[in-house]
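For reference, the structure discussed in these notes is given below.
Values in this text are rule-based calculations from the coordinates and carry no lab data. If you're wondering where the values come from, they're calculated on a predicted model, not measured in any experiment. Glycine gets a Cβ as well: all are built from the backbone with ideal geometry, and neighbour counts include every protein chain shown.
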Amino acid sequence: MVKNNSEKKEYGCVFCGQPLSNSILSNIIANGLVCNVSECPECKVSMTHPFPSDEEINSLYSSENYRTSDGTRFNFFVEYLIYLASLLKKRAIEKYVHLGKILDIGCGRGLFLDIMRRGGWDVVGVELNKETASYAKNAYGINVYTGNIIDQSLPSESFDVVNICAVLEHLKEPNALLSEARRLLKKEGLLVILVPNIQSFEFKFGGDKWFHLDLPFHLFHFSENSLINLLRKKGFSLRRVKRFHLEYGPFGWLQTLFNLSKIRFNLFYDLLKSGNLRDKNGVFDYMGILVTLALLPIYLPISLLFSIVEPTIFKSSGVCTFYLSKDNP
């Protein structure tokens, strides 16, 4: 059953208050909700509207839908690639801060924080609720706060690094989170943010079939310039933009190509998930699976090529990581 939340209403940008007058996508049905995406003409940030209700958000992120009870989301092979990507992320952070205390907002099952801790870091995590935080606490013994980090009243300038990876686009109040991240960072501390880029060629090519659009989970849709401008206003200086991600780039293109091929939406992605997280209808879509397997040898090299060409030649990508320093006042 599709729940139509798209009643006529004017929505305003949470960053500047301007009406979202530039329509990007309209009446997209995703996870049983009707979603629209519109851009602020001032900030150039796009928003999904209307937002899902708190009840709908809790359902979307429940362990039955989003993670298994052991904190994982995918099969062993994909989880191992995620582990390798976490090692690379640790190495990238240590180019700017050799050692210290890190806060991971949206720490998930705690794998990345466990890797950082084994490397000598003092680690703290934040997760949406007790259910999603339980694995990081129980399996790794990591200190994980649940709920809104702003409500925890942590001491100012208490972290050397704040990591917000694939999280900012999910939040109803990203503006408040960025202010809190600056407060929590030490002088010249490092902020790391990873978000999809709605101005990428990958989005322009895929449109509403773009894998990283991820409605209705993604409430905000940033471009490189829009996010950098927001962060500069918050008191951060850009140090680097990373555009090529082995764990995001090729697969983003691959699943987008599959979605454009009229196969069941995100079928390949669904098949990579842990068993009880898969869409049961997708598992029995034998024709879709056969077509996917037939197209895979064609689409995979194309996806690898596009994920390399876009960031190297066009200085853009479907997903970007920003490394920023906190400015002194």
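Here is how the numbers come out for the structure above:
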quantity: Euclidean distance between Cα centres, the stretch 195-228 to the stretch 131-188, Å; calculated: 23
quantity: Which listed pairs, of LYS95/LYS209; LYS95/LYS315; LYS44/LYS101; LYS90/LYS204, have C-alpha distances above 29 Å, in listed order; calculated: LYS95/LYS209; LYS44/LYS101; LYS90/LYS204
quantity: Cys residues of the chain counted as unpaired, since no other Cys beta-carbon is under 4.7 Å; calculated: CYS16, CYS35, CYS107, CYS165, CYS320
quantity: LYS234-ILE298 pseudo-label distance in nm [points 7 Å out on the Cα-to-Cβ vector]; calculated: 4.3
quantity: Estimated inter-spin distance, LEU290 and ASP122, nm [label 7 Å along Cα→Cβ]; calculated: 6.0
quantity: Estimated [θ] at 222 nm from DSSP helical runs (n ≥ 4, -39500 (n - 2.57)) normalised by residues in the chain, nearest 500; calculated: -11000 deg cm²/dmol
quantity: Counting DSSP beta bridges with both ends in the chain, the antiparallel % (nearest 5); calculated: 60
quantity: Kirkwood Rh, Cα atoms: Rg over Rh of the stretch 69-133; calculated: 0.98
quantity: Of the DSSP H helices in the chain, those whose Cα atoms cover at least 18 Å axially and whose Kyte score averages 1.6 or more; calculated: 286-313
